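Everything below concerns the one structure shown next.
The values are calculated or read from the model by the stated rules, or taken from the named source; none is laboratory data. Values in this document were obtained by computation on a predicted structure and should not be read as measured data. When we count neighbours, we look across all protein chains shown, and the Cβ atoms used for this are built from the backbone with ideal geometry, even at glycine. In case anyone asks, the SASA skips ligands and DNA or RNA and just uses the protein heavy atoms, side chains included. Shrake-Rupley method; radii C 1.70, N 1.55, O 1.52, S 1.80 Å.
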Amino acid sequence: MKYFWSIIILAVGLSGCQEPIELEFTGSETNYLVVEGSISTVFQKHQVVLSRSTPFQNNSLTNFIAEAGASVSIISDNGSTYFFHETEEGVYKSDSAFNAVESSSYELSIVLRNGESYSSTPQLVESSGTLDGVSVGYKEILTYNSELQSFRSKKGIELLADFSLNSNDRYVGFDWESTFIIKSEIGPNPGKECYIPDQTPGIERLINNAGLNQTVFTEEPVSFLIYDFRFRYRYSLNLIMYGMSKETYNFHNQVLSQLNSSGSIFEANQIQINGNIFNKNDADEVVLGNFSVFTQCEQRIFIDPASLPFQSEPFNICSRANPNATTYIGSGAPEHCFDCLTYSPSATDIKPSFWR
């Protein structure tokens, strides 16, 4: 999982944001410990992020405050302990790769540098089902522009999943990660390709079959992607399905419900989502966030522009450039039009191993 709970701490999730956001509190109701942590059945190095909540002041969010210098570990019910080390302030990664095992339970342990000790309740890895296929559909949606006070139509790509749940009363969530191509359009290396990773801020869609006599789902909508510059060249999307416990499902469902509520994201009742982290010596202390365990399966698809039914290409900001310009300065176009590696810190001209 990405920095999901760091992202959701104020609005308890802001779609499209990838920077940590803090909860709004007033007076002394600040400085709560914020925990983002999850492990899955994928063999990899896992991550836990610790921070402190800060208030919303003067119509702006204060900076992310890392909780540094903690001791972090995850303990399984078979007695195995996986230790984490701090790779940057507040970010802790496991010393070695490991994977969660179905039907086992895991517990997160945190000891802060001031000696305060925290733990999660034991979390059971529950098998949920299989991801059988991924496809896309095409549609237009109406979006409301509050500044212009008007609606506008936006074309987009609907992500559809085929999946099977292995029994009734199962709970799954979906998110995705993607990579798209941009090119140096002008300058010394026109046509140079760069690969840009993209991702959701966290689980976007939750589905369960509790109370339903249904275990097979076909072409179930799980996300919608606005048709924009990302689809000008080849686009790769990796859909991830997480199987989870009912407890974890309910926590994420509350997060998404508040995200989609009509009220202000700064309302005080946004903090009333209870996670599973607690102070071992002070049961009344408020701790924000959650420790989750998931089964995980995924499938990757590629989308080529020729396969899309839209009549026009997405807007190309590089078309603004003076064709005689030799540098982006004064050209009327961004720097990445001359060198695609400057698009973002994560841009690379090395083709990913999964690319085809």
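Here are the numbers:
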| read-out | value |
| --- | --- |
| Radius of gyration and maximum dimension Dmax of the range 277-322, Cα, Å | 24.4, 65 |
| Under 14 Å, Cβ to Cβ, from K246 - net charge with Lys/Arg +1 and Asp/Glu -1 | -2 |
| Reference-scaled alpha-carbon Rg (2.2 N^0.38 Å with N residues) for the range 64-209 | 1.51 |
| Summed side-chain charge close to G133 - residues other than G133 whose Cβ falls under 11 Å, Lys, Arg +1, Asp, Glu -1 | -4 |
| The range 303-342: relative contact order as a whole-number percent, Cα under 8 Å and 6+ apart | 27 |
| Simple label model, 7 Å out from Cα along Cβ direction - S127 to N324, nm | 7.0 |
| Net charge, G69 excluded, C-beta distance under 14 Å - Lys, Arg +1, Asp, Glu -1 | -3 |
| Unit Cα scatterers, Debye sum, the range 205-356: log10 I(q)/I(0) for q = 0.09, 0.15, 0.19, 0.20 Å⁻¹ | -0.57, -1.09, -1.25, -1.30 |
| Per residue value of the accessible surface for the range 81-226 (all protein chains in place, 1.4 Å probe), Å² | 48 |
| Compactness relative to 2.2 N^0.38 Å, alpha carbon Rg of the range 271-356 | 1.97 |
| Relative contact order of the range 266-356, pairs being alpha-carbon contacts under 8 Å that are 6 or more residues apart, as % | 12 |
| Share of pairwise Cα separations in the range 149-217, more than 21 Å, in percent | 56 |
| Reciprocal of mean inverse Cα separation for the range 178-245 (Kirkwood radius, Å) | 15.3 |
| Pairwise centroid distance, computed over Cα atoms, of the range 311-325 with the range 206-250, Å | 33 |
| Solvent-accessible surface (1.4 angstrom probe) belonging to C318, in square angstrom, nearest 10 | 10 |
| By accessible area with a 1.4 Å probe, ligands and nucleic acids excluded, highest first: order of E177, E140, E313 | E313, E140, E177 |
| With every protein chain in place, the range 46-159: carbon and sulfur % of accessible area (1.4 Å) | 44 |
